[in-house]
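First the structure, in the form of structure tokens, and then the observations on it.
Derivation of every value follows stated rules applied to the coordinates shown; laboratory data play no part. Just so it is clear, the model here is predicted, and its values are computed rather than measured. Cβ atoms come from the backbone with ideal geometry, glycine included; neighbour counts cover every protein chain shown.
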Amino acid sequence: MSTSDITTKTIEGYAAQKVGALLELFQYDCPQVGPWDIEVEITHCGLCHSDLHLIQNDWGGSTYPLLPGHEIIGIVKQKGSLVQELEIGMRVGIGWQGSSCGKCEWCHQGEENLCLKQEATCVGHFGGFANKIVADSRFAFPIPEPLDSVNAAPLLCGGATVFSPLLQHNVDATMKIGVVGVGGLGHLAIQFAKALGCEVFVFSSSPEKEAEAKKFGAHHFLSSTHPNAENLVDLLLYTSSGSVDAKSYLKLLRPKGKLVIMGAPKDQQVDLEVFDLIVGRKTVCGSNIASAPVIRKMLQFAALHGIEAQTELFAMQDINLALEKLANNEIHYRAVLEN
Ligand code: NAP
Ligand code: ZN
């Protein structure tokens, strides 16, 4: 697919026509660029496990044709009359969140990811596995110059999602941070926690990932299925796409520890007994993506500390190959599609 003919009235991408189907070449009419919108020529798009969950309708409610992709990097080609910060020719990134109401208390305080009317880039809209996209400029972010486009794309969803709870829970260098799952989110979580100066414990179902996890900054590497440990960490970031064995993970928490669930597996059950929480005053909570201000901070932090995704690059037309490898847990550690 060519990205050069940006003046055509159609957008070309890859979409699933039904649940679990391979993605096929798909065209749709380019939407009008509204006053707050930008038209972006996509150069790269990361493949997040949420794209696979959507294609497989793991969460229910997927609609088809479904054109996924929400870790977008591209160049602004057109802008609406009210867009101020972004200029034509700028390199921007777009993540999971596509819009919010702009009027509620959460939007007013810069926590747009809590807005009840938020919309996602590729849910009910066509996403980033395409040659271009028309997006709300309020959810498009300039990419700091030191970040390479390939390795920065996964920061837009994966990086933002794991950085946010580190800020929400006031993580400092004295804390012990656990990460469950060394995938797209997990390998970035290890790097952020390490850069914040924390002692980092990694829990993985893949023993062969130990050396790379330690290269990302893990101090300790344990099995996620049989950790055989207790009382280890203050904050445990659950980034696995597998079922949440919350009872076992709560045992890994130190008193006052928190389990933050970001992984969103098909099996959405979380089983607990009251004493799992009462003893040691433990907390289980979730976290969704990140607000626009936090995404901006995350990008600056990543640029300063040299945090980037370890990627496997695929041509956009090889999207099905990347999806197959992702489904088999064979990607080290984020597939990125390139136009
Ligand atoms: P990913 O790259 O596929 O990584 C997931 C990791 O989970 C795998 O590398 C693997 O790590 C572990 N895993 C997978 N299946 C497992 C199983 N059956 N049992 C145990 N461990 C398993 O996925 P991702 O893109 O990082 O996304 C991870 C999850 O976060 C997905 O469910 C995604 O939808 C969700 N997500 C949530 C948000 C949010 O806002 N909350 C944002 C983005 C993504 P090991 O090999 O190390 O065990
Ligand atoms: Zn995502």
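Tabulated values for the structure
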{"quantity": "FRET efficiency for H125 and L304, using Cβ-Cβ distance with R0 set to 45 Å, rounded to 0.05", "calculated": "0.90"}
{"quantity": "³J(HN,Hα) computed for each position of the stretch 36-53 - Karplus, 6.51 cos²θ - 1.76 cosθ + 1.60, integer Hz, glycine/proline x", "calculated": "9, 8, 10, 9, 10, 7, 7, 9, 9, 8, x, 10, 8, 4, 4, 4, 5, 4"}
{"quantity": "Charge dipole magnitude, Cβ of K and R +1, D and E -1 - the stretch 91-146, Cα centre, debye nearest 20", "calculated": "200"}
{"quantity": "Ranked by how many other beta carbons lie within 10 Å on average, peptides 114-127, 172-185 from highest", "calculated": "172-185, 114-127"}
{"quantity": "Difference of contour (0.36 nm per residue) and Cα-Cα distance, K18 to R281", "calculated": "90.2 nm"}
{"quantity": "Residue pairs, from the table K194/K214; K194/K266; K79/K297, whose Cα atoms sit over 19 Å apart", "calculated": "K194/K266; K79/K297"}
{"quantity": "Projected label distance in nm at E330 and K256, using a 7 Å step from Cα toward the beta-carbon", "calculated": "4.7"}
{"quantity": "Distance (nanometres) between label positions extended 7 Å along Cα→Cβ at D148 and A195", "calculated": "1.6"}
{"quantity": "FRET efficiency, D271 to E87 (Cβ-Cβ, R0 35 Å, nearest 0.05)", "calculated": "0.10"}
{"quantity": "Label-point separation in nm, L25 to S248, each point 7 Å along Cα→Cβ", "calculated": "4.6"}
{"quantity": "Extended-chain gain in nm, criterion 0.36 nm per residue less alpha-carbon gap, C101 and N231", "calculated": "42.6 nm"}
{"quantity": "Positive-end residue, the chain charge dipole about Cα centroid, Cβ charges, pick of G217, V294, A246", "calculated": "A246"}
{"quantity": "Test item: Cα-centred dipole of the chain, Lys/Arg +1 and Asp/Glu -1 on Cβ, debye", "calculated": "840"}
{"quantity": "Sparse-neighbour loop sites [trypsin sites (Lys or Arg not before Pro); the stretch 27-101; at most 12 other C-beta within 10 Å; DSSP]", "calculated": "none"}
{"quantity": "Choice from T161, T43, T63 showing the highest fluctuation, given a GNM over the chain with Cα pairs closer than 10 Å", "calculated": "T63"}
{"quantity": "Helix-only [θ]222 nm of the chain, DSSP H runs n ≥ 4, -39500 (n - 2.57) each, per residue, nearest 500", "calculated": "-6000 deg cm²/dmol"}
{"quantity": "Whichever lysines have a C-alpha closer than 16 Å to that of K117, once near sequence neighbours (fewer than 8 apart) are set aside", "calculated": "K103"}
